1. Taking a threshold of 27 Å on the Cα-Cα distance, which of the pairs Lys194/Lys339; Lys104/Lys183; Lys145/Lys339; Lys104/Lys247; Lys32/Lys245; Lys145/Lys277 fall above it?
2. Counting other C-beta atoms within 10 Å, which of Thr301, Thr396 has the fewest, and how do the rest follow?
3. Sort Trp233, Trp206 so that the residue with the fewest other Cβ atoms within 10 Å of its own Cβ comes first and the one with the most comes last.
4. Mind checking Rg over Rh on region 222-360, alpha carbons, Kirkwood formula for Rh?
5. Using modelled backbone amide H atoms (1.01 Å from N, in-plane), which distant-in-sequence or interchain residues come within less than 5 Å of Val149's amide H?
6. Read phi for every residue in region 134-146 and hand back ³J(HN,Hα) as whole Hz from Karplus 6.51 cos²θ - 1.76 cosθ + 1.60, θ = phi - 60°, with x for Gly and Pro.
7. So who's got an amide H within less than 5 Å of the one on Asp300, skipping anything under 5 residues away but keeping other chains? H placed 1.01 Å off N, in plane.
8. Residue by residue, what Karplus-based ³J(HN,Hα) values in Hz, rounded to whole numbers, does region 394-406 have, using 6.51, -1.76 and 1.60 with θ = phi - 60° and x for Gly and Pro?
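Just so it is clear, none of the values below were taken in a lab; they were calculated from the coordinates. None of the values given here were measured: they were computed from a predicted structure. Here Cβ is always computed from backbone atoms with ideal geometry, including for glycine, and neighbour counts include all displayed protein chains.
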Amino acid sequence: RSNAVCNYRCDSGKMIRDYLILLSWLCAVQGKIGYFWHITDIHYDPKYAVQGNTPSNTKCWNMRNLVDGGRMRLDRKLAGKFGDYSCDSPWALIESAARAMRSKHGDIEFVLWTGDALTRNAGMNAELRLQCLRNLTELLHRTFKGQFVFPALGHEDIGLNYTQLASVWQNWLPPEAVDTFVKAGYYTIEQRSKKYRIVFLNTNLWLNPVDSRMLHRSGSSTVDNTQDPFGQWSWFQSVLENARKKKETVYIVGHTPPGVDDHESGAAALNERHNTKYLQIVRLYSDIIRGQFFGHWHSDTFRVIYSDTGLPVSWIMMAPSVTPNTVGGPNNPGLRLYKFETNTGQILDYTQYYLNLPEANSIGKANWIVEYSLLDYYELDEITAITLHDLADRFTQSNDYAFVRYVCDEVDRSIRSSNLALKP
């Protein structure tokens, strides 16, 4: 009996040691879990005021014209401290978003900032636009000391040349990134200690129609309307090809996504030629692409990209905006926190936060709260093109409440149809 007990104990000890070795090996292979914030479409309005009248723009200074019995009357209702659904973001809202990101989860790997930092409404000269970008940059720099914030250009971040912008963001961009950024606003970040890289596109070069202000090149307003504006396509494919050779995985980041905007009856933002080429490249390199992150639509939505044979091969996430002003209607400000595996870049989940704007204005305090977490809310096991394809398919099933959840729990709480597929 004593020998049996000894053998049992010895075998148990060996099993425990083997288990611990296996566990440590699995942890080493999987790497650590990390987090990053995605913020987009801040649309900072430096002229926002709770009171007052600005003749040049009656939309964002509480002087909205409303129809009353067939006559126009002036609405003098005061806007709130943290913003108004008819206005772009005041500084108080932006500061509250920065504080929320720091307090909710300040221990992050990086921040993705996908453009449209400035308002669409207030007429601003180049000097004021530059100062506003500096103010936003300094705020994010203070909020995330010792961490990197990686910006992508939106179509409202124009009127400045790339050299000026590179100077503003010099603390975040390594020299090799600056080299391509000053050329035309695109760059890549290599995570040398990891096996993934981030590619930042200047989608302004592919817009439909192209605005000449978006094509500043080292201080010049030269417009390049060629098949490959400022060489971004050839550069993009070269980066992906080199990443594949190095066995790296890739995030693609930009402001304007491919596909149609369901806010505006299927309006497409990218030029059709460039939209088609983008999808072709993603299909070609879908084996190394771990995620695509965009903004622009001010909407909490996603898209699935399909192969030429109809198989789901990649996905795009569009994050909701910080600004409460949007084409689709009232829009509560949103922030998104991603959870990912740092060695491979595999996206594991995300948590969506939002601010109840009327409540914040009423109590004079911004209380950013969790709206939902993707896996739990939609009952997903993982985030892949296949699982998101299946989720989109569930949206069409009358006996599944997934689409009701999708519609009701978009940050902007507005009801609209959605085309979730990007097929050949």
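1. On the way: Lys194/Lys339 16 Å; Lys104/Lys183 37 Å; Lys145/Lys339 20 Å; Lys104/Lys247 34 Å; Lys32/Lys245 24 Å; Lys145/Lys277 38 Å.
Pairs exceeding the cut-off: Lys104/Lys183; Lys104/Lys247; Lys145/Lys277.
2. Working: Thr301 21, Thr396 10.
The fewest-first ordering by Cβ neighbours comes to Thr396, Thr301.
3. Details: Trp233 18, Trp206 22.
Going from least to most buried by this count: Trp233, Trp206.
4. Dividing the radius of gyration by the Kirkwood radius yields 1.00.
5. For Val149, the qualifying residues are Val111.
6. Once θ is set to phi - 60°, the couplings for region 134-146 become 5, 4, 5, 5, 5, 4, 5, 5, 5, 5, 10, 5, x Hz.
7. Val411, Asp412
8. 4, 4, 8, 8, 5, 9, 10, 8, 4, 5, 4, 5, 4
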